[in-house]
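Asker: My questions all concern the structure below.
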Amino acid sequence: MAVNKYAISTRGLDLIKSFEGLRLTAYQDIAGVWTIGYGCTFYANAKRIQPGDRLVNKECASDLLCVILKDFERTVNRVVTVPLNQNQYDALLSFHFNTGSLPSSTLLRKLNAGDYGGAAAQFALWTKVTDPKTGKKVISDALVKRRAKEQKLFITPI
């Protein structure tokens, strides 16, 4: 049973924005996925981002991110069954927004078993991306840095 009813904090939102960067024109991310704004791969109506898509301005990109994050927030609140602090929640939300894999991860399994340290250690294992040219998993320097910051936030007390 879920015990958390958190929403992302300003700090967490700023962290995601810093990782994703802002691009008003659709682009392919390092895995070849069409993306726009602050790392959004689809719109609020579930339509996937397409080549040539554009956002009007930074405010539209921020609004899109906030709307998209609501689904990710609901998922994190639903699947985590142990108490969290805001830093832990923000770190998990950033991780889930980037990977989409929190519900099926060993990170979640360890966390829900009360192994907060084991869960924290799992962040470092999520540093690979599938190279769209070769189809092989390769370590991404950007993901190494992102996971280190998420892990640091996760273990930082409030």
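The values are calculated or read from the model by the stated rules, or taken from the named source; none is laboratory data. No experiment lies behind these values; they were computed from the predicted model shown. Cβ placement follows ideal geometry from the backbone for every residue including glycine, while neighbour counts extend to all protein chains displayed.
Asker: Going by what's in this entry, would Ala61 be described as over 15 Å from the mean Cα position of the chain (by Cα), farther than 24 Å from Val144 by Cβ, aliphatic (A, V, I, L, M) and in a helix (DSSP H, G or I)?
Answerer: Judged against the criteria, Ala61 is a match.
Asker: Right, here's the next one. Is one or more of the residues making up region 115-131 within 22 Å of Glu20 (Cα to Cα) and among the charged types (D, E, K, R)?
Answerer: yes
Asker: Can you tell me which residue is farthest from Ala46 (Cα to Cα) among those in region 69-120 that are of a type in the set (Ser, Thr, Tyr) and in a loop (DSSP other than H, G, I, E, B)?
Answerer: In this case the residue turns out to be Thr81.
Asker: Something else about it: For region 35-84, how many residues meet the condition of being on the phi < 0 side of the Ramachandran plot, loosely packed, with under 15 Cβ neighbours inside 10 Å and among the small types (Gly, Ala, Ser)?
Answerer: 1
Asker: Okay, next question. Criterion first (surrounded by 14 or more Cβ atoms within 10 Å (Cβ to Cβ) and closer than 18 Å to Lys5 by Cβ) does Asn98 satisfy it?
Answerer: no
Asker: Return the residue satisfying two criteria in turn: it lies in region 142-156 and is part of a helix (DSSP H, G or I) and aliphatic (A, V, I, L, M), and of such residues it is surrounded by the most Cβ atoms within 10 Å (Cβ to Cβ).
Answerer: Once the filter is applied, the top-ranked residue is Leu153.
Asker: Go through (1) more than 21 Å from Ala31 (Cα to Cα); (2) of a type outside the set (S, T, N, Q); (3) touching a His at 6+ places or on another chain (Cβ under 6 Å) one by one and return the number of the condition Phe72 breaks.
Answerer: Status for Phe72: all satisfied but (1).
So that you can scan it fast, the table gives a plain yes or no per residue for (1) modelled with pLDDT under 95; (2) closer than 28 Å to Arg109 by Cα; (3) of a type in the set (A, V, I, L, M, F, W, C):
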{"site": "Leu13", "(1), (2), (3)": "no, yes, yes"}
{"site": "Ile16", "(1), (2), (3)": "no, yes, yes"}
{"site": "Leu24", "(1), (2), (3)": "no, no, yes"}
{"site": "Trp34", "(1), (2), (3)": "no, no, yes"}
{"site": "Cys40", "(1), (2), (3)": "no, yes, yes"}
{"site": "Glu59", "(1), (2), (3)": "no, no, no"}
{"site": "Ser62", "(1), (2), (3)": "no, no, no"}
{"site": "Phe72", "(1), (2), (3)": "no, yes, yes"}
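Asker: Here's something else I'd like to know. Residue check, Val3 against (1) modelled with pLDDT under 95; (2) under 17 Å from the mean Cα position of the chain (by Cα), all met but one. Which one?
Answerer: In the conditions (1) modelled with pLDDT under 95; (2) under 17 Å from the mean Cα position of the chain (by Cα), Val3 misses (2) alone.
Asker: Still on this structure, I have one more. Is it true that Ala91 is modelled with pLDDT under 95, farther than 25 Å from Pro132 by Cα and among the small types (Gly, Ala, Ser)?
Answerer: Criteria not met by Ala91.
Asker: What are the residue pairs meeting all of these: first residue in region 143-156, first residue aromatic (Phe, Trp, Tyr), second residue part of a helix (DSSP H, G or I), Cβ atoms under 6 Å, and 6 or more apart or on different chains?
Answerer: From residues that are aromatic (Phe, Trp, Tyr), the pairs are Phe154/Gln88; Phe154/Ala91; Phe154/Ala120.
Asker: Quick check: anything in region 13-22 touching a strand residue (DSSP E or B) at 6+ places or on another chain (Cβ under 9 Å) and surrounded by fewer than 17 Cβ atoms within 10 Å (Cβ to Cβ)?
Answerer: Yes, because at least one residue in region 13-22 is touching a strand residue (DSSP E or B) at 6+ places or on another chain (Cβ under 9 Å) and surrounded by fewer than 17 Cβ atoms within 10 Å (Cβ to Cβ).
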